[in-house]
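Down below is the structure, laid out as structure tokens.
Derivation of every value follows stated rules applied to the coordinates shown; laboratory data play no part. Since the structure is predicted, the reported quantities are computational estimates derived from the model, not experimental observations. Cβ atoms come from the backbone with ideal geometry, glycine included; neighbour counts cover every protein chain shown.
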Amino acid sequence: MIHFVLLISRQGKVRLTKWYSPYSQKERTKVIRELSGEILTRGPKLCNFVEWRGFKVVYRRYASLYFCMCIDQDDNELEVLEIIHHFVEILDRYFGSVCELDLIFNFHKAYFILDEILLAGELQESSKKAVARLIAGQDALVETAKEEASSISNMIAQATK
Amino acid sequence: MATTIMDALFQRTLEDLIKQSRLNLIPEPTFLSRSLDEIRKELRATDLQTKSIALRKLCYLSSLYHVDMSWASFHCIECMSSSSFAIKRIGYVSASQSFDEGTPVLLLATHQLRKDMMSSSVFDSGLALGCFSLMANGDLAKDLCNEVFALLGSSKVLVRKRAIGVTVRLFEKYPDAVRVCFKRLVESLESSDSEVLSGAVSVFCELARKDPASYLPLAPEFYKVLVGSRNNWVLIKILKVFARLVSLEPRLAKRVVEPVCEVMRRTGAKSLVFECVRMVLSSLSEFESAVRLALEKVREFLQDDDPNLKYLGLHALSIAAEKHLWAVLENKEVVTKSLSSEDVNIKREALRLVMAMVSEDNIVEISQVLLNYALKSDPEFCNEILGSILSTCSRNLYEIVIDFDWYVSLLGEMATVFHCQKGEEIEKQLVDIGMRVKDARPELVRIARGLLIDPALLGNLSLHRILSAAAWVSGEYLEFSKSPFELVEALLQPRTDMLPPSIRAIYLQSVFKVLIFVASSNFMERDLNSVSFHQSSAIPGETSKGESIINLLNLVESSVTPLLGSPDVEVLERARNVVGLVELIRNEMSIQEQNEELGFLKLVNLLNDAVSEDLGPVSWNAPDRVSLPDGLILRDNLKELDAVLGGIELPSSSPFSVGVGSLFGEKTDATSSDSRVIEDLEVTNESNESTSLLSEHRRRHGLYYLPSEKSTNGAYDYPPANDPKSEEAGTSGDADDLVKLATQSFVSKKRPSNAKLRPVVVKLDEVDAVPVEQKRAESNDNLLSDAIREILSAGEAARGIAGANTFPPEESKENSRPIKSSSRKGKHRSHHRKEKDSSHSGKQERDREGNSRSRRHGDGRRTRERAGDSASVMAVATIVPDFLLE
């Protein structure tokens, strides 16, 4: 299973973290520091796996972002690489050629998408179309709610409540 | 009220916050604390919209700057309970980021989670399930078990899929949930929807990792997935499940091997190919054709330019190395080339493989090549190489080392490698070889001399341990030393100041031994009446000159005297011993001109005797071998002894109140040379009082003492700590072992060309049986596997009762025996013959299996196993249905 997902920028800034196994806040900070030190220093032509504390971390670099996932020793590394790619492709479709800034300003959306792809550390939806559909559905729901909330009459109603 | 509106209107959004943080106008800590203050204030608002924006900002800060947000957990729950999906979603995301099992407000979330799970909106229940999977604890899992069960049967694929994913966590936290949910989970394995199937297989993959045995009965279901599915995600997971099951039930392998090879041939996906390869090499290694196919794929991987595939190829080879070493040898070239790869992972994997290829024929060449390579590589990898050479060569008591002279010099060479950090291991092996391999001692002493003499080595901190071993070895096996004088000079050179006290003490102890040795051989030559001792002929003639002895004494005295002020007791004590001995010899030499006094000669001989006994290796379980005598009651509490011992006054002046301990220790190893010092003192110290005390003790508790040979002199009547004879008794026939070993090594010698015979390595029979505490599985895991076994067997028992009439009972009974060992195989085969008819029909049915539902058939099978045997639930749980086992 996937224990955690990390997105780290080339400068070592964290862009997204998701923990599927219990790690305390302190451990999380330590893990991120340790791994970004190890992964960011690796050259471009090396393999995409890092053995770390009895686990394996599979990472892949897309532009300025490193996508890292930590898995068990006997999990399939290539499969995880594909999951990473799957995630990136979905992000790309959603944002329209995604860049780091998209993820910075829409960090919660990145979380929503990730939640559709992974559940309890396992791949949950392998169809890009299905994920796109789900996210679009959720967005539509939010949009209508927002419109309602921001209408003047609604605000007045709330104020005079 | 107005303030709320104003707050809402002028609240900074997340975007503002991010923009500000990116502008870097103010330093980060100030920015963080200011933002946090602002968020705190906003969270206090009654308006959920304001609250949710604040929460989103907090969540952002927490995930990027690791700001603690546990204090806001109640606000998360408030947002979760909002009827607006936008706010609810923010609440859930923040909760899943910040909650854990111990979050106190989790209790409050239970109701909300339940409500959302059962909500008619797919999105709501999706959120609730996702959140549940991250933060469920025992109570939450228990409370929501029924909801998850209900959702497992949902008609909406999306919901059902998520519910399946959540079950792993549910079972882990609340094993009783298995009783409720397991059946539906198993049914999902038959789902036509690939996403549902994929989810279910993932769950079983995860469950089977912890306790594969419980899932053996589900083998037919898994098998159907294996042959039926075309989805790579599913196949990878199901292969993992089978890899675990096959290792428990070897007969499954025969069934599975063909489909696995089929998948391997068919697919183009590298991840799936690799999974097949891994499974074949690890679990199906006895199937020649499958292994060959897998290795073909491995070769493709190795030849690929992609470093990932190369790494995985090497990794697969290292799995194969255990049983199919030829596979590694075939790819020797690639492996050795990979050693110089720029990727540490690949290098490491290649090193592992190179070490796997090592045998007694090529160890010399390989080690030399690796050592040369280590000199050129970076410090970390250099030490990895050294470490793996050390561990491979020392494996099984230096099994593959034939030429110990070579190995010892290799150790010496390693010590001089600049980056070497393996001092401790090299120290251990140097001393160990000294004790175990008699024939290696001359070379060992030669190497030790080289190490000790070089003043440059003293400056390298990581080498100190090796130097301590060298000092010990050269003191212990002095008889092989070419020049004891030179040795003393080396041991006392000024730079030894740099050594830590504990090692300094060992140096001094070696000086002490050299002095005794020189003195005894010197006086012996003078005194022709003396009894002949050990071969002291190793001393060159020049040492007999009184002049050189005096020089030696002067040198020792001048360099050791400053140490009398040493703050370290070990050093101090040994320095005193040495200085005392020097004085003794001096006095004696002046008296000896008259050649009358024999007392001193005797003393020197005694001392020499004491230090020249061979030390042997100690077995791990030597203390256990002392059997408990009849009538002896061992008490844990020794307090009562005070009453007994109160009357006895131990002579405080004599140091062997401690020394007694060394007798119990039976045999000392390298590090406990202090006990020998004590012993030495015992000899010199003529305290009759204590010796009589000891002999009294010995008379009473003789059993705990080692049987001694007749004492040769009256000064003491207990055996020296390292009496070879006592060793023999203590370790139940060391000599026998030696003989056995010697004959073995003769027998196994198949290469007459090898002129050099491997020297005998002293082995203690159980030396390798280091007691290992087996780690016990966590209680929760036990609970889970118990529950699953129970559910599987109970379900089948129920079905069995229904179908019991259709099958002859005695057959079923035989069938339901737990099958574990291969010794039972024969029995089962005969049983299969008996059952031929039914299994034949089963086969036909299986052939048609393709698209028709054959589940009932599987049920029938299991029914037969189960019938009449619903009582011994646990015992039968590991049965695999027959049709998979033929």
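Rounded if a/c is under 1.5, else prolate if a/b beats b/c, else oblate: with a ≥ b ≥ c from the C-alpha gyration tensor eigenvalues square-rooted, which is segment B:412-451? Mind showing how you got there, number by number?
Working: a/c = 3.34, a/b = 1.55, b/c = 2.15.
Oblate, since a/c reaches 1.5 and b/c is not below a/b.
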Qualifying trypsin sites (Lys or Arg not before Pro) in segment B:282-323, DSSP loop, other Cβ atoms within 10 Å at most 15: B:323
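Which net charge results when you count Lys and Arg as +1 and Asp and Glu as -1 among the other residues whose beta-carbon is under 12 Å from that of residue B:62? Numbers along the way, then the final one.
Details: positive: A:28, B:56, B:57; negative: B:68.
Taking every Cβ under 12 Å from that of residue B:62, the sum is +2.
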Ranked list, fewest to most other Cβ atoms within 10 Å of each Cβ, for B:118, A:1: B:118, A:1
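How would you rank B:419, B:111, going from fewest to most other Cβ atoms within 10 Å of each one's own Cβ?
Numbers: B:419 16, B:111 12.
Ascending Cβ contact count within 10 Å gives the list B:111, B:419.
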Loop-located trypsin sites (Lys or Arg not before Pro) in segment A:1-65 whose Cβ has at most 15 other Cβ within 10 Å (DSSP): A:10, A:13, A:45, A:53
Cβ-placed point charges (K, R +1; D, E -1), dipole of segment B:361-482 about Cα centre in debye, nearest 20: 320
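Once you have the Cα-Cα distance between residue B:626 and residue B:187, take 0.36 nm times their residue separation minus that, and quote the gain in nm to one decimal. Don't skip to the end; give the middle numbers.
Numbers: separation 439, 0.36 × 439 = 158.04 nm, distance 5.97 nm.
152.1 nm is the gain from fully extending residue B:626 to residue B:187.
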Selection from B:243, B:204, B:220, by position along the positive dipole direction of segment B:194-307 (Cβ): B:220
Loop sites in segment B:386-452: chymotrypsin sites (Phe, Trp or Tyr not before Pro), DSSP, at most 14 other Cβ within 10 Å: B:418
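Sort B:392, B:336, B:46 by Cβ crowding within 10 Å, fewest neighbours at the top.
On the way: B:392 19, B:336 16, B:46 11.
The order, fewest Cβ neighbours first, is B:46, B:336, B:392.
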Estimated inter-spin distance, residue B:20 and residue B:40, nm [label 7 Å along Cα→Cβ]: 1.5
In Å, descending, principal axis extents of the Cα set of segment B:361-482: 39, 36, 19
Residue pairs, from the table A:30/B:57; A:128/B:224; B:57/B:115, whose Cα atoms sit over 29 Å apart: none
